[in-house]
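Working notes for the structure below.
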Amino acid sequence: MIVLIENIVDLTPFVPLSLKGEGEGEVLPHALYKTRQTPYTKFESVKKEVSKVAQERPWTECEFTALLYRPELDHESLAQIIGRRPGAIGVVREGVHRFHMGKENHGILAQMMVRLLEDKNRLHTQCWKCKEWF
């Protein structure tokens, strides 16, 4: 699926102050936008978030285990518990989903994460995305 996002390409000043709830008929600088459309795919947004995750400190086994065994929490709630950004949690959860579906994870998951997922002695968990147990 391709989504179109508009980018600001020009700013033009002057709009009446009265439109901002202040004075009558005065003029102040204001951004009036001209736009162009840029194709943007969901995969590109995941790739951008993956690069942010790669710049952060490495995940610990404890953090990853908490992510695996708390599928009922949304990204923001889990972020508060383990001290990660909600976006980073979403990326790793996407990698876990891709792993259990047998898809290529495009380097989303660290070796430690893959090793833990491949461990046959670990407890089963529920995928946050599709709710399937694996």
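Nothing in this text is a laboratory measurement; each read-out follows from the coordinates by a stated rule. Here the structure is a predicted model, which means the values were calculated and not measured. When we count neighbours, we look across all protein chains shown, and the Cβ atoms used for this are built from the backbone with ideal geometry, even at glycine.
Per-residue answers, yes or no, for (1) in contact with a strand residue (DSSP E or B) (Cβ under 6 Å, 6 or more places away or on another chain); (2) crowded, with 16+ Cβ neighbours inside 10 Å; (3) over 17 Å from LEU78 (Cα atoms); (4) of a type in the set (A, V, I, L, M, F, W, C):
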residue	(1), (2), (3), (4)
GLY90	no, yes, no, no
GLU104	no, no, yes, no
GLN111	no, no, yes, no
ASP119	no, no, yes, no
CYS127	no, yes, no, yes
CYS130	no, no, yes, yes
TRP133	yes, no, yes, yes
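Of everything in the stretch 80-89, what is under 12 Å from the mean Cα position of the chain (by Cα) and over 18 Å from LEU116 (Cα atoms)? Give them in sequence order.
ARG84, ARG85, PRO86, GLY87, ALA88
Annotation note: Cβ proximity below 8 Å between a residue of the stretch 85-106 that is touching a residue at least 12 places away in the same chain (Cβ under 8 Å) and more than 19 Å from TYR69 (Cβ to Cβ) and a residue that is among the charged types (D, E, K, R) and outside any helix (DSSP H, G or I) (sequence gap 6+ or interchain) occurs for ARG85/GLU56.
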